[in-house]
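Inspection log for the structure reproduced underneath, given as structure tokens.
The values are calculated or read from the model by the stated rules, or taken from the named source; none is laboratory data. The structure displayed is predicted, hence computed values, not measured ones. Quick reminder, even Gly has a Cβ in these numbers, built from the backbone with ideal geometry, and neighbours come from all protein chains shown.
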Amino acid sequence: MGMWWIAVVAILTHTASAAVREYNWEVEYKFRWPDCIEGMVMTVNDQFPGPTINAVAGDTIVVHLTNKLATEGLVIHWHGIRQLGSPWADGAAGVTQCAINPGETFTYNFTVDKPGTHFYHGHYGMQRSAGLYGSLIVDVAEGKREPLRYDGEFNLLLSDWWHESILSQELGLSSKPMRWIGEAQSILINGRGQFNCSIAAQFSNESSPSCKFKDGDQCAPQRLHVEPNKTYRIRLASTTALASLNLAVQGHKLVVVEADGNYITPFVTDDIDIYSGESYSVLLTTDQDPSQNYWISVGVRGRKPKTPPALTVLHYVTAPSSEPPTSPPLVTPQWNDFERSKNFSKKIFAAMGSPSPPPKFNKRLILLNTQNLIDGFTKWALNNVSLAVPGTPYLGSVKYKLKSGFNWKSPPKSFSMDYDIMNPPRFRNTTQGNGIYMFPFNVTVDVILQNANV
């Protein structure tokens with residue numbers, strides 16, 4: 001009787017603390033001015049970026065998503081959410097669900113099981129590059145202690161932006177020969193950037209004029225307003241399609257405390273590298289001259305920087321709000337300083353008390369990522385097989401045992417060890433396939449991904 005009562009109390013306590021957060025979203029194109037140039041932007045309920053979802057661990061998220069696009073399918077992927085028990089809500093077209101047709105509504109229903117900084121984005125075609133993304137923030141469950149101490153927080157979504165429409169980009173990338181889309185025109189911070197002007201023009205040797213903003217301008221930067229001698233959590237997420245980025249705050253150290261939704265052993269850095277799909281939290285203490293403002297700069301790393309850095313301002317409320325910083329923005333570290341990138345990555349360790357990784361594995365996959373050709377069309381491939389997404393989503397075929405849904409034969413689990421990844425053959429022919437790797441339940445798989453793109 002006593003054990004039964006304890007179980008009931010535990011269930012009721014969990015039910016009382018966890019909430020159901022329900023949303024009705026409509027996705028459609030709108031004309032916007034994200035970098036001071038008009039373009040077509042994909043919006044959620046007329047917002048770009050989309051609405052922020054704020055939840056606590058244990059909450060259930062229910063999103064009724066209506067596709068109001070005229071001619072395109074639609075799905076949303078919840079980046080960083082593990083989808084334990086709800087794989088059909090992962091939002092990968094052809095894998096976990098069919099694309100939502102124009103005019104249709106699909107309901108996503110899933111639980112956010114642990115705290116972290118996440119985001120959501122379109123996962124059909126190149127819709128993420130059209131602006132279909134937003135923040136998904138999960139705080140610690142009620143009654144649990146947040147291990148980080150801070151006085152306020154900001155969310156920064158970083159993205160790259162092209163003036164060419166995503167439909168034109170898709171056509172170019174799938175043409176024979178491929179038409180490369182080139183580097184992005186702008187880097188956006190929370191959907192805002194400046195292409196034809198600069199907010200730091202007074203410090204530049206280039207011909208860009210100084211930006212002159214009016215009230216309500218969609219490309220005007222969002223300043224971060226802070227009080228002196230406080231500590232702020234800045235949640236970062238990169239939704240870029242191409243660019244690897246580096247963020248720095250002039251005059252301020254950053255303490256990295258979270259990576260990809262996991263607490264880590266804190267370490268101090270002057271700037272932070274962030275790659276597409278990654279998220280971090282950093283703590284910033286406002287311990288500088290409170291009469292001044294300071295640049296926040298986001299520049300391109302890993303590629304020749306043909307896209308100018310994005311800028312906004314850390315504004316101390318004790319400083320004049322209309323005054324720009326008195327010195328130039330920080331210069332982004334050299335784009336091809338890969339040792340710097342590796343040294344940053346080597347500083348990331350799980351927080352004390354985190355679960356240890358498995359001491360051994362049962363199966364291993366060694367995957368070689370290459371850029372090859374099929375009948376003259378450029379394709380990317382793993383172990384020389386380029387994915388052709390089947391018409392029936394994999395989950396449906398597996399659930400209903402549809403033998404013709406996809407190739408049930410496993411793709412190659414490794415590649416030839418005499419392949420020279422530092423000098424890969426140019427335009428090697430490849431094949432298409434839709435096979436999957438299948439493993440017994442509860443085995444540990446060691447996955448090694450080797451990149452050999454040229």
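Would it be correct to say that Pro290 is surrounded by fewer than 20 Cβ atoms within 10 Å (Cβ to Cβ), more than 18 Å from the chain's Cα centre (by Cα), in a strand (DSSP E or B) and not assigned by TED's automatic domain parsing to the domain that holds Thr117?
So Pro290 fails the test.
Inside the stretch 33-54, can you point out the residues that are under 17 Å from His121 (Cβ atoms) and touching an Asp or Glu at 6+ places or on another chain (Cβ under 9 Å)?
Listed by number, the residues that qualify are Met42, Thr43, Val44, Asn45.
Hey, among the residues in the stretch 405-420 that are under 15 Å from Asn451 (Cβ atoms) and surrounded by 13 or more Cβ atoms within 10 Å (Cβ to Cβ), which one's modelled with the highest pLDDT? Can you show your working first?
Taking the stretch 405-420 and keeping what is under 15 Å from Asn451 (Cβ atoms), we get 415, 419-420.
With the extra rule that they be surrounded by 13 or more Cβ atoms within 10 Å (Cβ to Cβ), the set shrinks to 415, 419.
On the way: Phe415: 91, Tyr419: 87.
Here the answer is Phe415.
Has the stretch 32-53 got at least one residue that is modelled with pLDDT of 95 or more, crowded, with 18+ Cβ neighbours inside 10 Å, over 28 Å from Gln185 (Cβ atoms) and not assigned by TED's automatic domain parsing to the domain that holds Arg235?
So far as the stretch 32-53 goes, yes, one or more of its residues are modelled with pLDDT of 95 or more, crowded, with 18+ Cβ neighbours inside 10 Å, over 28 Å from Gln185 (Cβ atoms) and not assigned by TED's automatic domain parsing to the domain that holds Arg235.
Within the group Thr318, Thr332, Thr307, Thr312, which residue is polar (S, T, N, Q), assigned by TED's automatic domain parsing to the domain that holds His252 and farther than 18 Å from Ala184 by Cβ?
Thr318
Take the stretch 183-221 and flag every residue that is closer than 17 Å to Leu242 by Cβ and either among the β-branched types (Val, Ile, Thr) or free of Cβ contacts under 8 Å to residues at least 12 places away in the same chain (or both).
Ile187, Ile189
Got a sec? Which of Lys379, Lys399, Lys403, Lys363 is among the charged types (D, E, K, R) and either touching a Phe, Trp or Tyr at 6+ places or on another chain (Cβ under 7 Å) or assigned by TED's automatic domain parsing to the domain that holds Ala89 (or both)?
After ruling out the rest, the residue left standing is Lys363.
Can you name every residue in the stretch 359-408 that is part of a loop (DSSP other than H, G, I, E, B) and under 27 Å from the mean Cα position of the chain (by Cα)?
Asn383, Asn384, Ala388, Val389, Pro390, Gly391, Thr392, Pro393
Among (1) at pLDDT below 95; (2) outside any loop (DSSP other than H, G, I, E, B); (3) not acidic (Asp, Glu), which single condition is Gly172 missing?
That leaves (1) as the condition not met.
Determine, yes or no, whether Leu284 is in contact with a Leu (Cβ under 7 Å, 6 or more places away or on another chain) and at pLDDT 95 or above.
Yes; evaluated as a whole, the condition is true for this residue.
Mind checking which residues of the stretch 220-239 are among the polar types (S, T, N, Q) and either in a loop (DSSP other than H, G, I, E, B) or out of contact with any Asp or Glu (no Cβ under 8 Å at 6 or more places or on another chain) (or both)?
Hits for the stretch 220-239 are Gln222, Asn229, Thr239.
Within the stretch 386-401, how many residues are more than 30 Å from Arg428 (Cα to Cα) and either small (Gly, Ala, Ser) or in contact with a strand residue (DSSP E or B) (Cβ under 9 Å, 6 or more places away or on another chain) (or both)?
3
Just the residues that are touching a residue at least 60 places away in the same chain (Cβ under 8 Å) and of a type in the set (A, V, I, L, M, F, W, C), please, taken from the stretch 363-382. I'd like the intermediate steps shown before the answer.
Going through the stretch 363-382, the residues touching a residue at least 60 places away in the same chain (Cβ under 8 Å) turn out to be 363-371, 375-378, 380.
Residues satisfying the conditions are Leu365, Ile366, Leu367, Leu368, Phe377, Trp380.
Each row is one residue, and each column tells you yes or no for (1) in a loop (DSSP other than H, G, I, E, B); (2) at pLDDT below 95; (3) touching a Phe, Trp or Tyr at 6+ places or on another chain (Cβ under 9 Å).
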residue: Arg179; (1), (2), (3): yes, no, no
residue: Ala184; (1), (2), (3): yes, no, yes
residue: Phe195; (1), (2), (3): yes, no, yes
residue: Gln202; (1), (2), (3): no, yes, no
residue: Asn205; (1), (2), (3): yes, yes, no
residue: Lys212; (1), (2), (3): yes, yes, no
residue: Asp215; (1), (2), (3): yes, yes, no
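Quick grid of which residues meet (1) part of a strand (DSSP E or B); (2) in contact with a helix residue (DSSP H, G or I) (Cβ under 8 Å, 6 or more places away or on another chain); (3) touching a residue at least 60 places away in the same chain (Cβ under 8 Å):
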{"site": "Tyr294", "(1), (2), (3)": "yes, no, no"}
{"site": "Gly299", "(1), (2), (3)": "yes, no, yes"}
{"site": "Arg303", "(1), (2), (3)": "no, no, yes"}
{"site": "His315", "(1), (2), (3)": "yes, no, yes"}
{"site": "Gln334", "(1), (2), (3)": "no, yes, no"}
{"site": "Ser354", "(1), (2), (3)": "no, no, yes"}
{"site": "Pro357", "(1), (2), (3)": "no, no, no"}
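I want to confirm something. Restricting to the stretch 429-443 and keeping residues that are more than 11 Å from Trp380 (Cα to Cα) and either over 26 Å from the mean Cα position of the chain (by Cα) or not assigned by TED's automatic domain parsing to the domain that holds Lys401 (or both), which single residue is surrounded by the fewest Cβ atoms within 10 Å (Cβ to Cβ)?
Here the residue is Phe441.
From the residues in the stretch 98-128 that are assigned to a strand (DSSP E or B) and among the small types (Gly, Ala, Ser), which one is surrounded by the most Cβ atoms within 10 Å (Cβ to Cβ)?
Only one residue fits best here, namely Gly122.
For residues in the stretch 249-270 being surrounded by fewer than 21 Cβ atoms within 10 Å (Cβ to Cβ) and acidic (Asp, Glu), which is farthest from Glu153 (Cα to Cα)?
Looking at the filtered set, the residue picked out is Asp270.
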